1. Just for the range 161-177: of the residues that are in a loop (DSSP other than H, G, I, E, B) and touching a strand residue (DSSP E or B) at 6+ places or on another chain (Cβ under 8 Å), which one is farthest from residue 78 (Cα to Cα)?
2. Just one of (1) basic (Lys, Arg); (2) at pLDDT 95 or above; (3) surrounded by fewer than 20 Cβ atoms within 10 Å (Cβ to Cβ) trips up residue 186, so point out which.
3. Does the range 56-68 contain any residue that is modelled with pLDDT of 95 or more, among the hydrophobic types (A, V, I, L, M, F, W, C) and within 20 Å of residue 218 (Cα to Cα)?
4. If you check every pair at least six apart or on different chains, which have Cβ atoms under 7 Å apart with a residue in the range 195-224 that is within 18 Å of residue 169 (Cβ to Cβ) first and a residue that is loosely packed, with under 12 Cβ neighbours inside 10 Å second?
5. Return only the number of the condition from (1) modelled with pLDDT of 95 or more; (2) under 22 Å from residue 217 (Cβ atoms); (3) crowded, with 17+ Cβ neighbours inside 10 Å that residue 20 does not satisfy.
6. Name the residues in the range 9-45 that are charged (D, E, K, R) and part of a loop (DSSP other than H, G, I, E, B), would you?
7. Name every residue in the range 136-157 that is farther than 20 Å from residue 219 by Cα and of a type in the set (A, V, I, L, M, F, W, C), in order of residue number.
Amino acid sequence: MPELQQQRGDFEDWMIEALAISRSQVETVDVSVGEQLPEFHQVSGVVITGSHAMVTEHHDWSEYSAEWIKVAADKQIPTLGICYGHQLIAYALGGSVDYMADGREVGTLPVKLHPSAQEDALLHDLPEQILVQLSHRQAVMELPPDAVLLASSDRVPFEAFRYGDRVWGMQFHPEFSTDVMQAYTKYARSGLESEGFDPDYIYRQITDTPNGLTIMQRFAGLVF
């Protein structure tokens, strides 16, 4: 989406803004163009962004990233995977990912936090149900062994999970602003129509999701 990139930047820009940190504190690695991930001793925290690729496509760079994630998770380096990142962490740790049989999930939608979320470093003291921004066609179908389920939606049972104490996967986008969500809904219009959804209704329901920024900044507090 070139117009969105020109106005708001790309995945990493939205993350940095939502984390409320400076760009000088971040090293961005684009594995899809062959960049190498850092040595683990050089890393204090990891954010794995969304992607227009699919985990089930098993790109070389994605498989390489999954192997790296497995080690980082075992070391309990603070890690937050969002959308594709959420799915990749689940896959790397022994879960499964596939297309949603009933079509994509797009828009501002409610997710229900499980009781386990009240003891979680990122989700504690949030309402039992929160609004989140979503845009995905694949989802986690099976959690990794020993993962703790944190949140579900009406259509996706595994919206968020934690592995150990410091590794999270979140299908929703806590970093998305309203205008980014609107752009994604416009981008998905033809796909939504083909799957029987009303993109105009979804667009009208888009609203701010301030709990997303709370989650992002709590994660930043674990790292910095």
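1. 176
2. Against the list (1) basic (Lys, Arg); (2) at pLDDT 95 or above; (3) surrounded by fewer than 20 Cβ atoms within 10 Å (Cβ to Cβ), residue 186 comes up short only on (2).
3. No, the range 56-68 has no match at all.
4. Filtered contacts from the range 195-224: 223/44.
5. (3)
6. 10, 27, 30, 35, 39
7. Hits for the range 136-157 are 139, 140, 141, 143, 156.
For every residue, the table says whether it meets (1) aliphatic (A, V, I, L, M); (2) surrounded by 14 or more Cβ atoms within 10 Å (Cβ to Cβ); (3) touching a strand residue (DSSP E or B) at 6+ places or on another chain (Cβ under 7 Å); (4) not in a loop (DSSP other than H, G, I, E, B).
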position	(1), (2), (3), (4)
179	no, no, no, yes
182	no, yes, no, yes
191	no, yes, no, yes
202	yes, yes, yes, yes
211	no, yes, yes, yes
216	yes, yes, no, yes
221	no, no, no, yes
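The values are calculated or read from the model by the stated rules, or taken from the named source; none is laboratory data. A quick note: this is a predicted structure, and the numbers were derived from the prediction, not measured. Here Cβ is always computed from backbone atoms with ideal geometry, including for glycine, and neighbour counts include all displayed protein chains.
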